[in-house]
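Quick note: the coordinates plus some simple rules give every number you see, no bench work behind them. Keep in mind the model is a prediction, meaning the values are calculated, not measured. Reconstructed Cβ throughout: ideal geometry from the backbone, glycine too, with neighbour counts over all protein chains shown.
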Amino acid sequence: MSDQFREVSEQIIEINKGFRRAAGGFASALRDVVQATEDLKAALALESYIRERNEALTTLDMEWARRMLPNATSDYVRLIAVHKARYDCVSIAPKLRHESAEWLRERGLGAMHRPLLPPRELP
């Protein structure tokens, strides 16, 4: 093999190595973009769910409660769950949380897995 042929072959090998490194870097960057996209989709879905949940808790939306608690034995049980969730949810206006606390207190019910705090106190 001539020196010139060997030199060109070595150059082609080096160029090929450069392409492989670039392709590996591109593949890594592409994986990062795909992961970031999935993370963004998850964050947006969570944000959407929280917005929907807060609206439902604020308005005591029983249609939402039926979708979220399809195995509850009655709408009354769902309403109890919604009031308990609203009482504990710091994203809900304190006035509404106090209303739910009073509603639960009038019926002798507690918060989720614990007693209610004294009147005028919120978790």
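Quick notes
- Checking Arg86, Arg97 one by one, the residue that is charged (D, E, K, R), touching a Ser or Thr at 6+ places or on another chain (Cβ under 8 Å) and free of Cβ contacts under 8 Å to residues at least 60 places away in the same chain is Arg86 and no other.
- All helices (runs of 4 or more DSSP H) inside region 1-102 with 2 or more residues being loosely packed, with under 10 Cβ neighbours inside 10 Å: 3-59
- Filtering region 75-90 to residues that are among the aliphatic types (A, V, I, L, M) and more than 21 Å from the chain's Cα centre (by Cα) leaves Val77, Leu79, Ile80.
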